[in-house]
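Right, one structure below, let's go through it.
Nothing in this text is a laboratory measurement; each read-out follows from the coordinates by a stated rule. What you see is a predicted model, and the numbers here were worked out from it, not measured in a lab. Heads up, the Cβs are rebuilt from the backbone with ideal geometry, glycines too, and the neighbour counts pull from every protein chain shown.
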Ligand SMILES: Nc1ncnc2c1ncn2[C@@H]1O[C@H](COP(=O)(O)OP(=O)(O)OP(=O)(O)O)[C@@H](O)[C@H]1O
Ligand SMILES: [Mg+2]
């Protein structure tokens, strides 16, 4: 038998959608979406309210089953990922947390480890270390024993990011992580995400922050039921794309280094 090393298998894209259509009842919420997210990408999903951004994310996660088309995550259908599910970290849109429930920051982050723990296993030293490390990454190491209710909105978002990081994901998906967070905190969050990307993580983030986000990401997917455009931010974020996406006149121009968007709504009908 020859002892030649096997050629390394080409790694599949982290996420691949082919002609995906999602319907709720008879309503098509996503139609014919083709999308490829290569390993190590930092992709922003943008689009107006109700465009299908969260639905797209939930489809990638396997929480929504498309009526048509094919979804592959790490080369497999989401439902067939099995233990590989823990490669995905997810920060859902707006956390409906009952703050009367006396939960501490460290406990919330530990929830991120349960995907790895499985049944009948108590968290061990490695889990506690992962929780501490995740909190350090988001700059909240000191808050581990504090009640979640005592934190600001921005800090709480970081706790949920830490929860997603505690699973040590290769793919991190965030749905509007900066909603209700001030500009400075948003910026530092984007910088943190870019750092994760540099470390090799693939990051997909839903955002409304078109202009700001484009300074950090290397790909933008504009969604409005259909995938209006998908590519590098400087190519995708043109007048036409924004006009199609928001259904109104939009101008996108460069303002120093910070792209700046102005959206003009159509005149109100008399
Ligand atoms: N479980 C559901 N059942 C029925 N319709 C739904 C369901 N979830 C979402 N929809 C509808 O699908 C469409 C897309 O919703 P989705 O939440 O994906 O939009 P979005 O782009 O994330 O919006 P937002 O910017 O407000 O978060 C909306 O019209 C919404 O009302
Ligand atoms: Mg949404």
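At-a-glance table
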{"read-out": "Convex hull volume of the range 100-204 per residue (C-alpha atoms, cubic angstrom)", "value": "109"}
{"read-out": "Packing-based order for 67-74, 158-165, 44-51, using average beta carbon neighbours within 10 Å, highest first", "value": "158-165, 44-51, 67-74"}
{"read-out": "Sites residue 184 and residue 11 - FRET efficiency at Förster radius 45 Å, r taken between beta-carbons, to 0.05", "value": "0.75"}
{"read-out": "Ratio of the Cα radius of gyration of the range 159-211 to 2.2 N^0.38 Å, where N counts its residues", "value": "1.09"}
{"read-out": "Three-way shape call for the range 194-242 based on the alpha-carbon gyration tensor, with the a/c threshold at 1.5", "value": "prolate"}
{"read-out": "Largest-first principal axis extents of the Cα set of the range 10-53 (Å)", "value": "39, 20, 11"}
{"read-out": "Gained length - residue 238 relative to residue 141, 0.36 nm times residue gap less alpha-carbon distance", "value": "30.8 nm"}
{"read-out": "Highest average packing first - 142-148, 169-175, Cβ atoms within 10 Å", "value": "169-175, 142-148"}
{"read-out": "Fewest-first sequence of 53, 65, 187 by Cβ atoms within 10 Å of each Cβ", "value": "65, 187, 53"}
